[in-house]
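Any read-out appearing in this document is the output of simple, stated calculations on the displayed coordinates, not a laboratory observation. Everything numeric in this text was worked out from a predicted model, so none of it was measured. When we count neighbours, we look across all protein chains shown, and the Cβ atoms used for this are built from the backbone with ideal geometry, even at glycine.
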Amino acid sequence: MKSKSASLPYLVWMVIFIIVPTALVFVFAFTDKSGRFTLQNLQGVGQYSNVFLRSIWLGALATVISLVLGYPLAYIISKARASRQNVLIMLVMLPMWMNFLLRTYAWMTLLEDSGIINHVLNLLGLPSVHMINTQGAVVLGMVYNYIPYMILPLYSVLTKIDRSVVEAAQDLGADSRKVFLRVTFPMSMPGVISGVTMVFVPAVSTFIISKMLGGGSNLLIGDLIDMQFLGSAYNPNLGSAISLVLMVLILICMGIMNQFDENGATEGGVMV
């Protein structure tokens, strides 16, 4: 009884802020403006297939870059002394203490045609580079804002790997490359899966980064939803249908990632 009463506030919170909004999305997605049932909203989502593909592509690219950059950093932090680990983790989390919008504005100042980076290039006698309002700028903003969500779960898993397992692989004749590929990396797969999920989900649905760094020319799913609910193309029914399709895509991606995690849970042994 005590456990049930303790969970009651969370259940109330979940009903009000998760179940009810999700139910409203379903209702709006399958009804028209007069409240009658229709599939026209879902059919209308097809016209934005190029936006979905662009969002998935840029989100996946940002996720891969975050993994490539975040894994070595998480590994280095996990091997540092305990006192130094705390400092390094604080440095990773430090940008997250700043407002998300301000961080994105800072990148606009850096990437503008007359921004700081081009100013430095001109001082060095190099030509200016157009960086703002491009897909590269959008991906850069995604990586910068979401890479901490990749590093933290990786660090958490890497610090828990039993050192004796690595030493056993070395005793059996495995070199550093084999130890990493056949022991360390497989055993860190839960962290990889968590990091990939935590970066890909917000990256594929972002809208403020693409709006500020993409200049509106690189429309993503989040921008479409924002336009349908708050923009000039006000159509909450179509916006709900787009949101519903996005939720299904994210659930499919998470299901695939969880499948890899389940397979990886049984792997990670010493294979020399």
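Placing a label point 7 Å from the Cα of Met90 along the Cα-to-Cβ line, no residue of the stretch 140-158 has its backbone N under 15 Å from it. Modelled spin labels at Ser232 and Lys4, positioned 7 Å past Cα toward Cβ, are 5.6 nm from each other. Take the chain, connect every pair of alpha-carbon atoms lying under 10 Å apart with a spring to form a Gaussian network, then pick out the residue of Gly214, Gly136, Gly195 with the largest mean-square fluctuation. Taking springs between Cα atoms under 10 Å, the residue moving most is Gly136. Taking all C-alpha pairs of the stretch 147-272, those more than 21 Å from each other amount to 56 percent. Placing a pseudo-label 7 Å from each Cα along the Cα-to-Cβ vector at Phe260 and Ser49 gives an inter-label distance of 2.6 nm. Taking Cα atoms only, the orientation of helix 82-93 departs from the longest principal axis of the chain by about 20 degrees. The mean sequence distance of close C-alpha pairs (under 8 Å, at least 6 residues apart), as a share of the length of the stretch 127-204, puts its relative contact order at 44 percent.
Note on the chain: Cα-only Rg and Dmax are 22.6, 73 Å.
Taking the Cβ-Cβ separation of Arg81 and Lys33 as r and a Förster radius of 41 Å, what is the calculated FRET efficiency to the nearest 0.05? Given R0 = 41 Å and the Cβ-Cβ separation, E is 0.05. Mind giving me the FRET efficiency for Leu24 and Gln135? R0 is 25 Å, r the Cβ-Cβ distance, nearest 0.05 is fine. It comes to 0.15.
For the chain, adding -39500 (n - 2.57) for each run of n ≥ 4 DSSP H residues and dividing by the number of residues yields -22500 deg cm²/dmol at 222 nm. Charged neighbours of His119, selected by a Cβ distance under 12 Å, balance to -2 (K, R count +1; D, E count -1).
How much of the pair distance distribution for the stretch 1-130 lies past 17 Å, counting alpha-carbon pairs only, in percent? Beyond 17 Å sits 81 percent of the P(r) for the stretch 1-130.
Model label sites at Glu167 and Ala60, defined 7 Å from Cα along the beta-carbon direction, differ in position by 4.3 nm.
The mean sequence distance of close C-alpha pairs (under 8 Å, at least 6 residues apart), as a share of the length of the chain, puts its relative contact order at 27 percent.
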